[in-house]
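I have placed the structure first, in the form of structure tokens, so that the comments after it can refer back to it.
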Amino acid sequence: MAKIDAFFKLMNEQGASDLHLVSGSQPILRVHGDMERIKYKALENDELKAMLYEIAPENKIKVFEETGDVDFAYEIPNLARYRANYFQQKWGVGAVFREIPSTILTAEQLGLPKVVTKLSMLHKGMVLVTGPTGSGKSTTLAAMMDYVNRNKKSHIITVEDPVEFVHKSQGCIVNHREVGVHTQGFKSALRGALREDPDIILVGEMRDLETIELALEAASTGHLVFGTLHTQSAAKTIDRVIDVFPAHQQSQIRTTLSESLKGVVAQNLFKRIDKKGRMAVLEILVVTPAVSNLIREGKTFQIPSAIQTGKKYGMQSLDDAILIALEEKKISPEDAYDKAIVKERFIQFLKTPPEFL
């Protein structure tokens, strides 16, 4: 057993989502969103480096020493998988580990709205799951993939850096490809995927122009593509995709996106006050013909209004979803106000009104 595994076991016992190991500091766990120090001595650089290198593949150590950053996945059988990020900082090495449960929570267990599972069952197009870092995008996407895996007979290819949730083939054949291990990059994996008879392609992160372009191409040629972006709302997601492209291409991309995009699930995580844990609150955009026209005509500023009038299609705004969770006493007024888009709606629930500068 690797020395570092003791920290992972403690992490699992405490229900922590992340483990922070940094030279010159005590180990720290993130438990239900809060940072909590472990009763352990401050880690020295050489001690921590030896601990980290014990579990890292040789090629990843080489990349880390050359660049100062590296990502990979580490697994402890019968416990969990971990997404690891190593980095250099002022006092030496540092690392953050995100726990990826070995058991995938189902859409039913997460309480995902029916419209989200309907989006999972489409035959073609693009569905994006977005939100800030640490907002639970991977968990939601894994539940959607699990729903597909149980209810369809398709070929699913995932392209991730690193592979997070591992799906065992059920109704579907699932092939996981890890960037840097099974393929050189997202771009080459996506090009290859188009020749591998896929029905569904999951892109772990749509991080650059070429990856987004290839994902759009796959979605517009009869495949169902799932991807993630670090955006906070459906409208900002669409703007982000379009703005990645040079100005002379944006008109064409708006047209392509208006035809290919089928839905956006934008989410944020909230600390629960009714019980231990956190919950995801979702904004849901379904691309109806009316929404498609707004995208094509560059009127994304009207999308929040389209969401309000599209409730019969399962659409909901983030603020409306936050308000429901607040009224059900699942989240605090302070958290609701902090993460709301239109904060004025939530001032009335605060015990102490915010001080405006």
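Readers should treat all values here as calculations from the given coordinates under stated rules, not as data from a laboratory. Quantities reported herein were computed from a predicted structural model and do not represent experimental measurements. Reconstructed Cβ throughout: ideal geometry from the backbone, glycine too, with neighbour counts over all protein chains shown.
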Separation in nanometres of the label points that stand 7 Å from Cα toward Cβ, at LYS343 and SER25: 2.6
- prompt: If Lys and Arg each add +1 and Asp and Glu each add -1, what is the summed charge of the other residues whose beta carbon sits under 15 Å from the beta carbon of THR255?
  reply: -1
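Under the classification rounded if a/c is under 1.5, otherwise prolate if a/b is larger than b/c and oblate if not, where does region 294-357 fall, given a ≥ b ≥ c as square roots of the Cα gyration tensor eigenvalues? Please list the in-between numbers first.
Working: a/c = 3.81, a/b = 1.70, b/c = 2.24.
Because a/c hits 1.5 or more and a/b fails to exceed b/c, region 294-357 counts as oblate.
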- request: May I ask you to order 33-41, 186-194 by the average number of other C-beta atoms within 10 Å around their residues, highest value first?
  value: 186-194, 33-41
- request: Quick one: order ASP69, ASP320 by neighbouring beta-carbon count within 10 Å, fewest to most.
  value: ASP69, ASP320
- line: Per residue convex hull volume, Cα only, region 5-101, in Å³ is 93
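Counting only other residues whose beta carbon sits under 14 Å from that of ALA142, what net charge do I get with K and R as +1, D and E as -1? Mind dumping the intermediate values first?
Numbers: positive: ARG81, ARG83, ARG98, LYS137, ARG150, LYS168; negative: GLU99, GLU108, ASP146, GLU160, GLU164.
Here the charged neighbours net out to +1.
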- request: Work out how far the C-alpha atoms of region 219-333 reach from end to end along every principal axis, then list the three figures in whole Å, largest first.
  value: 50, 26, 25
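To the nearest 20 debye, what charge dipole does region 6-75 have about its Cα centre, counting +1 at the Cβ of each Lys and Arg and -1 at the Cβ of each Asp and Glu? Working shown, then result.
On the way: 8 positive and 14 negative charges, 57 e Å.
Dipole magnitude for region 6-75 comes out near 280 debye.
Evaluate the Kirkwood expression for the hydrodynamic radius of region 32-150, namely the inverse of the mean inverse distance over all pairs of different C-alpha atoms, and round to one decimal in Å. Could you put the intermediate results ahead of the total?
Numbers: mean 1/r = 0.0582 Å⁻¹.
Taking the inverse mean of 1/r over all distinct Cα pairs, region 32-150 comes out at 17.2 Å.
In debye to the nearest 20, how big a dipole does the chain give about its Cα centre with +1 on each Lys and Arg Cβ and -1 on each Asp and Glu Cβ?
On the way: 45 positive and 45 negative charges, 202 e Å.
Charge dipole, the chain, about its Cα centre: 960 debye, nearest 20.
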- line: The local net charge around VAL127, scoring Lys/Arg +1 and Asp/Glu -1 for residues other than VAL127 whose Cβ lies under 13 Å from its Cβ, equals +4
- line: Along region 7-18, Karplus-curve 3J(HN,Hα) (6.51, -1.76, 1.60; θ = phi - 60°) to the nearest Hz, with x for Gly and Pro, reads 5, 5, 5, 5, 4, 5, 5, 7, x, 7, 8, 9
message: Positive end of the dipole of the chain, charges at C-beta (+1 Lys, Arg; -1 Asp, Glu), about the Cα centre: which of LEU326, THR300, ALA218 has its Cα farthest in that direction?
response: LEU326
field: Residues in region 1-30 reached by a label modelled at ASN78 [backbone nitrogen below 17 Å; 7 Å Cα→Cβ]
entry: 1-2, 5-6, 8-10, 12-13
query: Just the Cα atoms of region 95-204, one point each, no solvent: what log10 I(q)/I(0) does Debye give at q = 0.15, 0.19, 0.21 Å⁻¹?
result: -0.64, -1.06, -1.29
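If the limit is 26 Å between Cα atoms, which of LYS9/LYS339; LYS137/LYS343; LYS168/LYS329 go over it?
LYS9/LYS339; LYS168/LYS329
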task: List MET206, MET121 from most exposed to least, where exposure is judged by having the fewest other Cβ atoms within 10 Å.
output: MET121, MET206
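With only Lys, Arg, Asp and Glu charged, each at its Cβ (+1 for the first two, -1 for the last two), find how big the charge dipole of region 100-221 is about the Cα centre; round to the nearest 20 debye.
Details: 13 positive and 14 negative charges, 90 e Å.
So the dipole magnitude of region 100-221 works out to roughly 440 debye.
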field: Relative contact order (percent, whole number), region 5-101, Cα cutoff 8 Å, 6+ residue spacing
entry: 26
message: Show me, for region 172-179, the HN-Hα J-couplings you get by feeding each phi into the Karplus relation (A = 6.51, B = -1.76, C = 1.60, θ = phi - 60°), rounded to Hz, glycine and proline as x.
response: 9, 8, 10, 10, 9, 10, 9, 5
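Taking square-rooted eigenvalues a ≥ b ≥ c of the alpha carbon gyration tensor, is the chain rounded, prolate or oblate, where a/c under 1.5 means rounded and, failing that, a/b exceeding b/c means prolate? Write down the numbers at each step before the final one.
On the way: a/c = 1.71, a/b = 1.21, b/c = 1.42.
Oblate, because a/c is 1.5 or more while a/b does not exceed b/c.
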